[in-house]
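Colleague: One structure follows; several queries about it will come next.
Computed from the coordinates by the stated procedures, all read-outs in this text should not be read as laboratory data. This structure is a prediction, so every number in the text was calculated from the model and none was measured. All Cβ positions, even for glycine, are placed from backbone atoms using ideal geometry, and neighbour counts span all protein chains on display.
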Amino acid sequence: MSNPPSTAKIAGHALHPMLVPFPIAGFVGPLVCDLVGTTDPFWFRASEYLLAAGVVMALLAAAMGLTDFLGDARIPALSIAWAPFLGNRIVVLIEAVSRYRRYSSGAADPTGTSYQWRPCC
């Protein structure tokens, strides 16, 4: 049995695999920014922008993934397809909460007393 074809395509190329690397970079980047620069406000802002871009791109990738997932009845029938389908939604939710907490804290300067790092969970 061959792999089911992608239903979300542009010029014959599947969109979901093209979009997946962007949220990965948008979610790993803030971790690197938080580890590298704890005293420079640039790193705090960079991590905020990366998180926002990662969440937006993850939503786009999720939409294309959902189109592929529901586009062929063979895919939901595979038990192996459900782990990334549900796991990716959980990761995006965690990152969206992290972005919201950073944004709602109102902290613009991690070096001052107005910024207090709080873990997301």
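Colleague: Size of the dipole of segment 1-112 about the Cα centre, Lys and Arg at +1 and Asp and Glu at -1 on the beta carbon, nothing else charged, in debye to 20?
Modeller: That gives segment 1-112 a dipole magnitude of about 220 debye.
Colleague: Among 71-83, 11-23, how do they line up by average Cβ neighbours within 10 Å per residue, starting with the highest?
Modeller: Averaged packing, sorted descending, gives the order 11-23, 71-83.
Colleague: Give, as ranges by residue number, the residues of segment 1-21 whose backbone N falls under 12 Å from the point 7 Å along Cα→Cβ of A77.
Modeller: Of the residues in segment 1-21, 1-2, 4 have backbone N under 12 Å from the label point off A77.
Colleague: Over segment 1-64, what is the relative contact order in whole percent, taking alpha-carbon pairs under 8 Å and six or more residues apart?
Modeller: 39
Colleague: Using just the C-alpha positions of segment 11-91 as equal point scatterers, what log10 of I(q)/I(0) does the Debye formula give at each q in 0.12, 0.15, 0.19 1/Å?
Modeller: Scattering profile of segment 11-91, log10 relative to I(0): -0.44, -0.61, -0.82.
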